[in-house]
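For reference, the structure is listed below as structure tokens.
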Amino acid sequence: MRIALLPTEAGGSYRLTILLLASLGVLVSALPVLVVTIMSFSASDTSGFPPEGYSLRWYGDVARMFLEEDTSSAQSVVDSTLTSLLIAVIVMGISTAVCVPLAYALARGQRRVRAGMELLFTLPLVFPLVMLGIAFLLIAESLALDLGLWRIAIPHVVLVLPFVLRNCLSAMNGISVEIEEAAISLGASPLRAIWDVVVPLMRAGILAGLIFALIISFNEFTITFFMYTIDVSTLPIWMYSRTVSSLDPSTLALSVFIIAADVLLIVLVDRLIAGKGNLF
Amino acid sequence: MSSTTLTQKQALAFATPAFIALLPFLGACLYILRFSLSAEKGSIDGVSLQAYRDLMTPFFGRSVWLTLKLAFVASAVVMLLAVPLAFLLTSLRSAAARRLLTVTILLPMILNLLVQAYGWILLLGPSGALNTLLKTLGLIDRPLFLLFNETGVLLGLIQTSLPLAVFPIVGAVRAVSPEHLEAASSLGAGHWRILRDVTLPLLRPPLVGAASIVFAFNASAFAIPLLLGGRRVQMMGVAIRDMISPLFNWSGAAAAGTVLILLTVLVLVVSAWLVRITTQKTGG
């Protein structure tokens, strides 16, 4: 019980201030997303709030965008969505495949090495995204590499490493050496003990890392903004190119789908790591 | 020797794939540094400090000042909101309420930044929700201009960096032992007194850590000032992009980027150092 931090009764000015500031924080977090959702049901095509009437016409527009062949723009929304998803899958696979063994080595290795390594792999989190975007663009241009999807997938892997590693490490925390030793004493090879005993026990953390990788890669804007080409472009870039001059309500309807998917995925992560560890 | 203790060779083998994945990042860091020292604007050629010298203009100075100012104000507001949110989040009993609040706070950080920008444009625009509300209440006659200036950018920064502070603080609040608080309470300390003399001092290291990460994150923001600030709010991220996109001044952009990186690293290092000396002094 945390009665002293947020008293349930008779807290007076203290309780009031805490609740007031917390509600302000909730408002700042939630209002933009709520307004986008409300406006996507608007019947008119102006952006005045509140909408004069409600309809599903913009959702119909989104459905049409996905179902009908779009010849007006260089890259269709279907192509960008597929590219986004394909990149996300590549990023999920690579980041998890490299982070699981690293997390194992760090958890079983020396404490000092672990602290340094954790710091090294957290760096992309605080590194300015603009600079990463520009640097990757410069390298790709100057080496004249024809990377295709990897133009965007490689920077995305770097970006999700901190989140995936954090989740894998906290999954390793609860797994004691004795369990492995038991498997080995029963005749399993060390590698087999890891594969058959440790990895299954890490399952929740690995899944949480996979979902984080998916969310971050699918929503990433800044680095992709520098790296995209006419042939390889993602959904956020497609949305940006559509709204650079004015806000189109059908983009809001599309946004609501993205919001819904993200909420669903976050709830899933929260369930997987409920009670244990932090989100990051 | 137990077979489950990793030898150095094994540990290295396990870590190698991750290093290879991180290699492009390390390469990018070095590349930027090298380019910033180039004597040519468009390619790496020779060594000179010209790009850094060219940065000493009133325009870039204003951009650095604006970046520091907005990042500082946003971080201060974020900390003011994050601590109460962390208290609320840890004191909720119902799992459903806790989950709802978690999603609400976390969503802005990972949701597509464009969607958030749309939200702020619809909220703050001349015919947006806020202006309509204020007009209906009779508080204003003419719409307030909140978009494409510092106010809009500030709100966007606060919203997207709030989760970076809330969740580490939640972890730290969970670790504060209730005995401390009960002891203070049984000695007759009021809620404000406990907050000032017990809770906040116990939380100081994580609070400083969270504040410095929020500051670094906001100082290097790009998409929010680009989408909500328009051309008028030239935070460093946007100014660096403008050096490349219309001007093709690659070495200048690399030098400006190095300055930005050094600034954020400096903040992180100084705050880590502050935490260390203050915890040593209090004997914690």
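If only one of B:Met109, B:Met56, B:Met79 is part of a helix (DSSP H, G or I) and farther than 30 Å from A:Leu252 by Cβ, which one is it? Break it down into steps so the answer makes sense when it comes.
Details: B:Met109 fails: farther than 30 Å from A:Leu252 by Cβ; B:Met56 fails: part of a helix (DSSP H, G or I).
So the residue among B:Met109, B:Met56, B:Met79 that is part of a helix (DSSP H, G or I) and farther than 30 Å from A:Leu252 by Cβ is B:Met79.
If you go through region B:34-53, how many residues are within 11 Å of chain A (Cβ to nearest Cβ) and part of a helix (DSSP H, G or I)?
Result for region B:34-53: 3.
Taking only region A:67-99 into account, find how many residues are over 18 Å from the mean Cα position of the chain (by Cα) and modelled with pLDDT of 85 or more. Walk me through it before giving the result.
Our first condition is that a residue be over 18 Å from the mean Cα position of the chain (by Cα); within region A:67-99, this holds for A:67-79.
Right, trim to modelled with pLDDT of 85 or more and you get A:77-79.
Here the count works out to 3.
Looking at region A:229-236, can you tell me whether even one residue there is at pLDDT below 90, under 19 Å from the mean Cα position of the chain (by Cα) and more than 8 Å from chain B (Cβ to nearest Cβ)? Let's see the steps before the verdict.
Of all residues in region A:229-236, those at pLDDT below 90 come to A:229-233.
Pick out the ones that are also under 19 Å from the mean Cα position of the chain (by Cα) and you get A:233.
Remaining after also requiring more than 8 Å from chain B (Cβ to nearest Cβ): A:233.
Looking for residues that are at pLDDT below 90, under 19 Å from the mean Cα position of the chain (by Cα) and more than 8 Å from chain B (Cβ to nearest Cβ), one finds at least one in region A:229-236, hence yes.
I'm told A:Val164 meets every condition in (1) within 30 Å of B:Leu101 (Cβ to Cβ); (2) of a type outside the set (Asp, Glu); (3) without any contact (Cβ under 8 Å) to a residue 40 or more places away in the chain except one. Can you identify the failing condition by its number?
Evaluating A:Val164 over (1) within 30 Å of B:Leu101 (Cβ to Cβ); (2) of a type outside the set (Asp, Glu); (3) without any contact (Cβ under 8 Å) to a residue 40 or more places away in the chain leaves (3) as the failure.
All but one of (1) facing chain B (nearest Cβ under 7 Å); (2) under 27 Å from A:Asp79 (Cα atoms); (3) over 20 Å from the mean Cα position of the chain (by Cα) hold for A:Leu102, so report the exception by its number.
All conditions pass for A:Leu102, except number (2).
Please list, ordered by residue number, the helices (runs of 4 or more DSSP H) wholly in region A:185-271 having 3 or more residues that are in contact (Cβ under 8 Å) with a residue 12 or more places away in the chain and hydrophobic (A, V, I, L, M, F, W, C).
Details: elements: A:190-193, A:203-219, A:222-227, A:235-243.
Because the criterion is at least 3 residues that are in contact (Cβ under 8 Å) with a residue 12 or more places away in the chain and hydrophobic (A, V, I, L, M, F, W, C), the helices (runs of 4 or more DSSP H) in region A:185-271 that meet it are A:203-219, A:222-227, A:235-243.
Test each condition in (1) in contact (Cβ under 8 Å) with a residue 12 or more places away in the chain; (2) more than 10 Å from chain A (Cβ to nearest Cβ); (3) aromatic (Phe, Trp, Tyr) for B:Trp250 and report the one that comes out false.
(2) is the only condition that B:Trp250 fails.
Which members of region A:115-147 meet the condition of being within 7 Å of chain B (Cβ to nearest Cβ) and over 23 Å from B:Phe215 (Cβ atoms)?
Within region A:115-147, A:Phe136, A:Leu138, A:Ile139 meet the criteria.
Out of A:Leu254, A:Leu201, A:Leu214, I need the residue that is surrounded by fewer than 18 Cβ atoms within 10 Å (Cβ to Cβ) and touching a helix residue (DSSP H, G or I) at 6+ places or on another chain (Cβ under 9 Å). Which one? Don't jump to the end; show me each part of the working.
On the way: A:Leu254 fails: surrounded by fewer than 18 Cβ atoms within 10 Å (Cβ to Cβ); A:Leu214 fails: surrounded by fewer than 18 Cβ atoms within 10 Å (Cβ to Cβ).
Just a single option satisfies the conditions, and that option is A:Leu201.
Filter region B:177-186 for residues that are facing another protein chain (nearest Cβ under 8 Å) and in contact with a helix residue (DSSP H, G or I) (Cβ under 8 Å, 6 or more places away or on another chain) and give the result. Lay out the reasoning, then the answer.
Pass one, region B:177-186, residues facing another protein chain (nearest Cβ under 8 Å): B:178, B:181-182, B:184-185.
Hits for region B:177-186 are B:Leu181, B:Ala184, B:Ser185.
Could you list, in sequence order, all residues of region A:143-161 that are outside any helix (DSSP H, G or I), in contact (Cβ under 8 Å) with a residue 60 or more places away in the chain and out of contact with any Leu (no Cβ under 8 Å at 6 or more places or on another chain)?
At the first step, the residues of region A:143-161 found to be outside any helix (DSSP H, G or I) are A:143-149.
In the following step, the residues that additionally are in contact (Cβ under 8 Å) with a residue 60 or more places away in the chain were identified as A:148-149.
Hit for region A:143-161 is A:Gly148, nothing else.
Quick check on A:Thr222: is it modelled with pLDDT of 90 or more, closer than 30 Å to A:Ser76 by Cα and either buried (at least 22 other Cβ atoms within 10 Å of the Cβ) or of a type in the set (Phe, Trp, Tyr) (or both)? Steps first, please.
Details: modelled with pLDDT of 90 or more: yes; closer than 30 Å to A:Ser76 by Cα: yes; either buried (at least 22 other Cβ atoms within 10 Å of the Cβ) or of a type in the set (Phe, Trp, Tyr) (or both): yes.
So A:Thr222 fits the description; yes.
Would you pick out the residues in region A:88-97 that are free of Cβ contacts under 8 Å to residues at least 40 places away in the same chain and within 8 Å of chain B (Cβ to nearest Cβ)?
A:Ala97, the sole residue that qualifies.
From B:Ser186, B:Ser212, grab the single residue that is surrounded by fewer than 17 Cβ atoms within 10 Å (Cβ to Cβ) and among the polar types (S, T, N, Q). Walk me through how you get there before you give the answer.
On the way: B:Ser212 fails: surrounded by fewer than 17 Cβ atoms within 10 Å (Cβ to Cβ).
Only one candidate qualifies: B:Ser186.
What tally of residues in region A:105-138 results from selecting those that are more than 18 Å from the chain's Cα centre (by Cα) and without any contact (Cβ under 8 Å) to a residue 24 or more places away in the chain?
The qualifying residues number 15.
Give region B:42-97 a look and list any residue that's of a type in the set (Phe, Trp, Tyr) and over 30 Å from A:Tyr14 (Cα atoms), or say none.
First pass over region B:42-97, keeping only residues of a type in the set (Phe, Trp, Tyr): B:52, B:59-60, B:65, B:72, B:87.
Within region B:42-97, B:Tyr52, B:Phe59, B:Phe60, B:Trp65 qualify.
Can you find a residue in region B:111-125 that is free of Cβ contacts under 8 Å to residues at least 60 places away in the same chain, over 22 Å from A:Tyr240 (Cβ atoms), out of contact with any Asp or Glu (no Cβ under 6 Å at 6 or more places or on another chain) and at the interface with chain A (Cβ under 8 Å from one of its Cβ atoms)?
Looking for residues that are free of Cβ contacts under 8 Å to residues at least 60 places away in the same chain, over 22 Å from A:Tyr240 (Cβ atoms), out of contact with any Asp or Glu (no Cβ under 6 Å at 6 or more places or on another chain) and at the interface with chain A (Cβ under 8 Å from one of its Cβ atoms), one finds none in region B:111-125, hence no.
Residue by residue through region B:127-167, note down the ones that are farther than 25 Å from B:Arg232 by Cα and facing chain A (nearest Cβ under 7 Å).
B:Phe167, the sole residue that qualifies.
Tally the residues that are surrounded by 16 or more Cβ atoms within 10 Å (Cβ to Cβ) and either in contact with an Asp or Glu (Cβ under 9 Å, 6 or more places away or on another chain) or at positive phi (or both), restricting the search to region B:126-162.
1
The values are calculated or read from the model by the stated rules, or taken from the named source; none is laboratory data. Everything quoted here is computed from the prediction, not taken from an experiment. FYI the Cβ positions are ideal-geometry reconstructions off the backbone, even for glycines, and counts take in every protein chain you see.
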